[in-house]
Amino acid sequence: MPAKKHKPKLAVWKFASCDGCQLSLLDCEDELLKITEIIEIANFPEASRAIQPGPYDISLVEGSITTPHDAERIHKIRRQSKILITIGACATSGGIQALRNFADVKYYTNLVYANPKFISTLQHSTPISHHIYVDYELRGCPINKYQLIEVISAFVNNRKPNIPNTSVCIECKRKSVTCVMVSQGLPCLGPVTHAGCQALCPSYNRPCFGCYGPKEAPNTTSLAEQFIELGLSKNDIVRAFRGFNAYSDAFRKESEIYEK
């Protein structure tokens, strides 16, 4: 009788986040059955209380590092993970909570909490890659579930994930969506934002908010100059780049230029 084929063990981990990217795995619905045929979901508290101990073949990590405890825990996860993949804007760029990086955290903890001395937090919200080696980053807020399936399949089959590195503008063209910046003068981040959402916002006559973070080699300088021509103030430009991926290098550096 042939030996039972080993299934790679998958673990899903959460740090500072809203859980939306983890839920993308459950949103796979019909595809989830196929996924469980090729992998064993061994550690996924969002879906099951049954947890198997590591080591794990693949770890999916959601969320940013915001506390001293998290900074230690991510190293433990890295040691028991053969492949570690970060999923979503929080894990890949620090998330919306990285807006704290541009302010004084102590000021706000004193303002909000009755006993701020009990709050243990870091000055910065940072992506996972600032702390450990990451094998692959999957962007989005939330991530595209079909891209997640592709990434899992790729690593299980020992190949490179086939994820587009183009901008949202390309998705607009493929869907025959009229450019909202050209036709309506809206400040759209589509030209510098990584594809993956299928041009969701422009499809409804809304500008892209940069949910998928900067694409490869984004020309943020040129886009900011175009925003000025549209009549945006320096403060408007800072706000445009400081959204879900505010602490990604390209968006952060461009926003800091107009903050001065």
Look at segment 179-222 and say how many of its residues are part of a loop (DSSP other than H, G, I, E, B) and in contact (Cβ under 8 Å) with a residue 12 or more places away in the chain.
24
Of the residues 51, 96, 41, which is loosely packed, with under 12 Cβ neighbours inside 10 Å and of a type outside the set (Asp, Glu)?
51
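Residues checked against (1) of a type in the set (Ser, Thr, Tyr); (2) within 30 Å of residue 165 (Cα to Cα); (3) not in a strand (DSSP E or B):
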residue	(1), (2), (3)
58	no, yes, no
76	no, no, yes
82	no, yes, no
85	no, yes, no
107	yes, no, yes
120	yes, no, yes
129	yes, yes, yes
133	yes, yes, yes
State which residue is modelled with the lowest pLDDT when the search covers only segment 43-76 and only residues that are among the aliphatic types (A, V, I, L, M) and touching a helix residue (DSSP H, G or I) at 6+ places or on another chain (Cβ under 9 Å).
47
For segment 161-173, does any single residue satisfy the condition of being among the basic types (Lys, Arg), at pLDDT 95 or above and either in contact with a Leu (Cβ under 8 Å, 6 or more places away or on another chain) or over 23 Å from residue 41 (Cα atoms) (or both)?
yes
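Do we find that residue 105 is hydrophobic (A, V, I, L, M, F, W, C), farther than 17 Å from residue 249 by Cα, touching a residue at least 60 places away in the same chain (Cβ under 8 Å) and in the same structural domain as residue 19 (by TED's automatic domain parsing) in this structure?
Working: hydrophobic (A, V, I, L, M, F, W, C): yes; farther than 17 Å from residue 249 by Cα: yes; touching a residue at least 60 places away in the same chain (Cβ under 8 Å): no; in the same structural domain as residue 19 (by TED's automatic domain parsing): yes.
No, not satisfied.
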Restricting attention to segment 1-38, and to residues there that are β-branched (Val, Ile, Thr) and either surrounded by fewer than 17 Cβ atoms within 10 Å (Cβ to Cβ) or modelled with pLDDT of 90 or more (or both), which single residue is farthest from residue 150 (Cα to Cα)?
12
Of 10, 32, which residue is in contact with a Phe, Trp or Tyr (Cβ under 7 Å, 6 or more places away or on another chain) and over 30 Å from residue 243 (Cα atoms)?
10
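Could you check segment 106-143 and list, in sequence order, the residues that are closer than 14 Å to residue 85 by Cβ and of a type outside the set (Gly, Ala, Ser)?
Correct list: 127, 128, 132, 133, 134, 135, 136, 137, 138, 139, 143.
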Give segment 174-185 a look and list any residue that's over 17 Å from residue 222 (Cβ atoms) and either surrounded by 19 or more Cβ atoms within 10 Å (Cβ to Cβ) or in contact with a Cys (Cβ under 9 Å, 6 or more places away or on another chain) (or both), or say none.
177, 178, 180
Restricting to segment 1-55, what's the tally of residues that are part of a helix (DSSP H, G or I), under 22 Å from the mean Cα position of the chain (by Cα) and over 18 Å from residue 89 (Cα atoms)?
4
Members of segment 148-170 that are within 20 Å of residue 222 (Cα to Cα) and touching a Ser or Thr at 6+ places or on another chain (Cβ under 9 Å)
167, 168, 169
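The values are calculated or read from the model by the stated rules, or taken from the named source; none is laboratory data. Note that the structure is a prediction, hence the values are computed from the model and not measured. Cβ coordinates were reconstructed from backbone atoms using ideal geometry, including for glycine residues, and neighbour counts include every protein chain displayed.
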